[in-house]
Amino acid sequence: MPGKFVFPGGRTEAADGRIPAIAELAEADQTKLLGGMGSRSSLQRCRALALSAIRETYEEAGLFLGRKHISVPSIAHPDWTAFVERNIVPDLSALRYFARATTPPGGSRRFDTRFFLAFRDSVADSLPEATGPSQELEELCWLPFTEATQLDIPEITRLIIREAEAVLAANPSLAPGNSVIQYRMKYGRFVREVI
(Lines give C-alpha, C1' and ligand atoms only; values in the text may rest on other atoms or scores of the structure.)
Protein backbone atom coordinates (compact mmCIF):
# COMPACT_ATOMS: atom_id res chain seq x y z
CA MET A 1 0.00 0.00 0.00
CA PRO A 2 2.31 2.75 -1.21
CA GLY A 3 2.03 6.00 0.72
CA LYS A 4 -0.16 4.53 3.46
CA PHE A 5 0.67 3.97 7.11
CA VAL A 6 0.22 0.27 7.88
CA PHE A 7 1.18 -2.37 10.45
CA PRO A 8 4.26 -4.49 9.82
CA GLY A 9 3.15 -7.89 8.59
CA GLY A 10 3.36 -10.49 5.92
CA ARG A 11 3.08 -14.12 5.03
CA THR A 12 3.65 -16.87 7.57
CA GLU A 13 6.47 -19.11 6.36
CA ALA A 14 6.51 -22.88 6.89
CA ALA A 15 9.72 -22.64 8.95
CA ASP A 16 8.26 -20.11 11.41
CA GLY A 17 6.49 -22.74 13.53
CA ARG A 18 9.75 -24.60 14.17
CA ILE A 19 11.76 -21.62 15.46
CA PRO A 20 12.65 -21.96 19.17
CA ALA A 21 11.28 -19.37 21.57
CA ILE A 22 12.34 -18.41 25.09
CA ALA A 23 8.68 -18.58 26.19
CA GLU A 24 5.48 -19.70 24.51
CA LEU A 25 2.17 -17.94 23.95
CA ALA A 26 -0.17 -17.70 26.90
CA GLU A 27 -2.60 -20.62 26.93
CA ALA A 28 -5.58 -18.28 26.43
CA ASP A 29 -4.01 -16.84 23.27
CA GLN A 30 -3.15 -20.31 21.95
CA THR A 31 -6.72 -21.45 22.55
CA LYS A 32 -8.19 -18.47 20.66
CA LEU A 33 -5.77 -18.94 17.75
CA LEU A 34 -6.40 -22.68 17.56
CA GLY A 35 -10.17 -22.15 17.73
CA GLY A 36 -10.10 -20.01 14.61
CA MET A 37 -8.07 -22.43 12.48
CA GLY A 38 -10.77 -24.94 11.68
CA SER A 39 -9.63 -28.35 10.50
CA ARG A 40 -6.03 -27.18 9.99
CA SER A 41 -5.43 -26.34 13.65
CA SER A 42 -2.13 -27.32 15.23
CA LEU A 43 0.15 -25.95 17.89
CA GLN A 44 2.91 -25.56 15.29
CA ARG A 45 0.66 -23.44 13.07
CA CYS A 46 -0.39 -21.42 16.11
CA ARG A 47 3.28 -20.78 16.98
CA ALA A 48 4.01 -19.99 13.31
CA LEU A 49 1.45 -17.17 13.30
CA ALA A 50 2.99 -15.57 16.39
CA LEU A 51 6.57 -16.12 15.23
CA SER A 52 5.83 -14.66 11.81
CA ALA A 53 4.51 -11.54 13.56
CA ILE A 54 7.85 -11.28 15.40
CA ARG A 55 9.88 -11.95 12.22
CA GLU A 56 7.91 -9.47 10.12
CA THR A 57 8.20 -6.80 12.83
CA TYR A 58 11.97 -7.17 12.56
CA GLU A 59 12.07 -7.37 8.76
CA GLU A 60 9.85 -4.37 8.17
CA ALA A 61 10.38 -2.20 11.24
CA GLY A 62 13.80 -3.28 12.53
CA LEU A 63 12.42 -4.19 15.97
CA PHE A 64 13.48 -7.42 17.71
CA LEU A 65 10.66 -8.75 19.91
CA GLY A 66 12.31 -11.16 22.30
CA ARG A 67 14.82 -11.40 25.09
CA LYS A 68 18.59 -11.26 25.11
CA HIS A 69 20.03 -14.54 26.30
CA ILE A 70 23.54 -15.90 26.81
CA SER A 71 22.87 -19.11 24.95
CA VAL A 72 20.75 -18.73 21.86
CA PRO A 73 19.40 -21.93 20.33
CA SER A 74 20.78 -22.78 16.92
CA ILE A 75 18.48 -21.30 14.31
CA ALA A 76 19.65 -22.24 10.84
CA HIS A 77 16.96 -20.38 8.89
CA PRO A 78 18.37 -17.21 7.23
CA ASP A 79 15.30 -15.11 8.12
CA TRP A 80 16.29 -15.42 11.79
CA THR A 81 20.07 -14.82 11.48
CA ALA A 82 19.88 -11.29 12.89
CA PHE A 83 18.27 -12.62 16.09
CA VAL A 84 21.08 -15.15 16.57
CA GLU A 85 23.76 -12.51 15.86
CA ARG A 86 22.31 -10.29 18.63
CA ASN A 87 21.74 -13.15 21.11
CA ILE A 88 17.99 -12.57 21.03
CA VAL A 89 15.48 -15.37 21.39
CA PRO A 90 11.88 -14.68 20.29
CA ASP A 91 9.47 -14.34 23.21
CA LEU A 92 5.94 -15.41 22.35
CA SER A 93 4.72 -14.77 25.90
CA ALA A 94 4.99 -11.01 25.24
CA LEU A 95 2.33 -11.18 22.52
CA ARG A 96 -1.42 -10.89 23.02
CA TYR A 97 -3.70 -12.03 20.22
CA PHE A 98 -6.55 -9.51 19.99
CA ALA A 99 -7.96 -9.25 16.46
CA ARG A 100 -8.39 -10.96 13.12
CA ALA A 101 -9.50 -9.53 9.80
CA THR A 102 -10.28 -11.40 6.61
CA THR A 103 -10.71 -9.36 3.47
CA PRO A 104 -13.86 -9.90 1.43
CA PRO A 105 -13.75 -12.30 -1.53
CA GLY A 106 -13.40 -10.89 -5.02
CA GLY A 107 -10.33 -8.72 -4.51
CA SER A 108 -7.09 -9.33 -6.39
CA ARG A 109 -5.40 -10.33 -3.11
CA ARG A 110 -7.04 -11.74 0.00
CA PHE A 111 -5.68 -11.47 3.49
CA ASP A 112 -6.50 -13.45 6.62
CA THR A 113 -4.60 -11.47 9.23
CA ARG A 114 -4.11 -12.02 12.94
CA PHE A 115 -3.14 -9.01 15.05
CA PHE A 116 -1.03 -9.11 18.19
CA LEU A 117 -0.23 -6.49 20.82
CA ALA A 118 3.04 -6.23 22.76
CA PHE A 119 4.47 -3.57 25.01
CA ARG A 120 7.43 -1.48 23.83
CA ASP A 121 9.63 -2.99 26.53
CA SER A 122 9.26 -6.37 24.76
CA VAL A 123 11.63 -5.00 22.12
CA ALA A 124 15.07 -6.36 23.02
CA ASP A 125 16.92 -4.41 20.34
CA SER A 126 16.32 -2.34 17.23
CA LEU A 127 18.22 -1.41 14.13
CA PRO A 128 19.73 2.07 14.08
CA GLU A 129 18.12 2.76 10.73
CA ALA A 130 14.64 4.23 10.72
CA THR A 131 13.25 1.16 8.97
CA GLY A 132 13.86 -2.57 8.85
CA PRO A 133 16.10 -4.47 6.45
CA SER A 134 13.32 -5.09 3.93
CA GLN A 135 13.22 -1.36 3.17
CA GLU A 136 9.48 -1.74 2.53
CA LEU A 137 8.58 1.05 4.92
CA GLU A 138 9.38 4.66 4.18
CA GLU A 139 8.86 5.90 7.73
CA LEU A 140 8.68 4.28 11.14
CA CYS A 141 7.14 6.10 14.09
CA TRP A 142 5.49 5.61 17.47
CA LEU A 143 2.23 7.51 17.83
CA PRO A 144 -0.60 7.84 20.33
CA PHE A 145 -3.78 6.11 19.17
CA THR A 146 -5.62 9.36 18.44
CA GLU A 147 -2.84 10.59 16.15
CA ALA A 148 -2.49 7.22 14.42
CA THR A 149 -6.18 7.14 13.47
CA GLN A 150 -5.84 10.56 11.82
CA LEU A 151 -3.20 9.35 9.34
CA ASP A 152 -3.79 8.27 5.75
CA ILE A 153 -4.54 4.64 6.60
CA PRO A 154 -6.82 1.93 5.26
CA GLU A 155 -10.17 1.75 7.07
CA ILE A 156 -9.45 -1.73 8.46
CA THR A 157 -6.21 -0.39 9.98
CA ARG A 158 -8.20 2.41 11.65
CA LEU A 159 -10.66 -0.16 13.03
CA ILE A 160 -7.87 -2.38 14.39
CA ILE A 161 -6.13 0.60 16.03
CA ARG A 162 -9.39 1.46 17.79
CA GLU A 163 -9.76 -2.18 18.86
CA ALA A 164 -6.20 -2.12 20.27
CA GLU A 165 -6.99 1.06 22.18
CA ALA A 166 -10.13 -0.58 23.63
CA VAL A 167 -8.20 -3.70 24.67
CA LEU A 168 -5.60 -1.61 26.49
CA ALA A 169 -8.27 0.52 28.16
CA ALA A 170 -10.02 -2.59 29.49
CA ASN A 171 -6.82 -4.55 30.17
CA PRO A 172 -3.93 -2.10 30.76
CA SER A 173 -1.53 -4.83 31.86
CA LEU A 174 -2.34 -6.97 28.78
CA ALA A 175 -3.09 -9.95 30.98
CA PRO A 176 -3.92 -13.04 28.89
CA GLY A 177 -7.55 -13.85 28.16
CA ASN A 178 -8.93 -10.78 26.41
CA SER A 179 -11.67 -11.19 23.81
CA VAL A 180 -10.65 -11.40 20.17
CA ILE A 181 -12.38 -9.15 17.65
CA GLN A 182 -12.93 -10.59 14.20
CA TYR A 183 -13.85 -8.71 11.05
CA ARG A 184 -15.06 -10.84 8.12
CA MET A 185 -17.69 -11.26 5.45
CA LYS A 186 -20.84 -12.99 6.63
CA TYR A 187 -24.04 -13.25 4.60
CA GLY A 188 -22.72 -10.65 2.15
CA ARG A 189 -21.85 -8.08 4.83
CA PHE A 190 -18.58 -7.14 6.50
CA VAL A 191 -19.24 -7.83 10.19
CA ARG A 192 -17.53 -7.43 13.55
CA GLU A 193 -17.70 -10.40 15.89
CA VAL A 194 -16.35 -10.94 19.40
CA ILE A 195 -14.90 -14.40 20.07
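Residue by residue through region 17-34, note down the ones that are outside any loop (DSSP other than H, G, I, E, B), of a type outside the set (K, R), in contact (Cβ under 8 Å) with a residue 40 or more places away in the chain and surrounded by 12 or more Cβ atoms within 10 Å (Cβ to Cβ).
Listed by number, the residues that qualify are A23, A28, D29, L33.
Which residues, counting only those in region 1-16, are farther than 29 Å from F145 by Cα, surrounded by fewer than 17 Cβ atoms within 10 Å (Cβ to Cβ) and over 16 Å from the mean Cα position of the chain (by Cα)?
If the condition is that a residue be farther than 29 Å from F145 by Cα, surrounded by fewer than 17 Cβ atoms within 10 Å (Cβ to Cβ) and over 16 Å from the mean Cα position of the chain (by Cα), then A14 is the only one that fits.
Any chance region 52-69 includes a residue that's among the small types (G, A, S) and more than 30 Å from L151 (Cβ to Cβ)?
No, region 52-69 contains no residue that is among the small types (G, A, S) and more than 30 Å from L151 (Cβ to Cβ).
Sort through T81, T113 and tell me the only one that's at pLDDT below 95 and part of a strand (DSSP E or B).
Result of the check over T81, T113: T113.
From (1) over 14 Å from F116 (Cβ atoms); (2) touching a strand residue (DSSP E or B) at 6+ places or on another chain (Cβ under 9 Å); (3) crowded, with 18+ Cβ neighbours inside 10 Å, pick out the condition that doesn't hold for K68.
If we test K68 against (1) over 14 Å from F116 (Cβ atoms); (2) touching a strand residue (DSSP E or B) at 6+ places or on another chain (Cβ under 9 Å); (3) crowded, with 18+ Cβ neighbours inside 10 Å, just (3) comes out false.
Spot the failing condition for P73; the list is (1) at pLDDT 95 or above; (2) surrounded by fewer than 23 Cβ atoms within 10 Å (Cβ to Cβ), and only one is missed.
(1)
Tell me, which residue of region 145-170 that is within 26 Å of S93 (Cβ to Cβ) and without any contact (Cβ under 8 Å) to a residue 60 or more places away in the chain is surrounded by the most Cβ atoms within 10 Å (Cβ to Cβ)?
Top of the filtered list is I161.
Surrounded by 12 or more Cβ atoms within 10 Å (Cβ to Cβ), at pLDDT 90 or above and within 16 Å of the chain's Cα centre (by Cα), is that true of I88?
Against the criterion (surrounded by 12 or more Cβ atoms within 10 Å (Cβ to Cβ), at pLDDT 90 or above and within 16 Å of the chain's Cα centre (by Cα)), I88 does not qualify.
The values are calculated or read from the model by the stated rules, or taken from the named source; none is laboratory data. Just so it is clear, the structure is predicted and the values come from calculations on it, not from any experiment. Glycine gets a Cβ as well: all are built from the backbone with ideal geometry, and neighbour counts include every protein chain shown.
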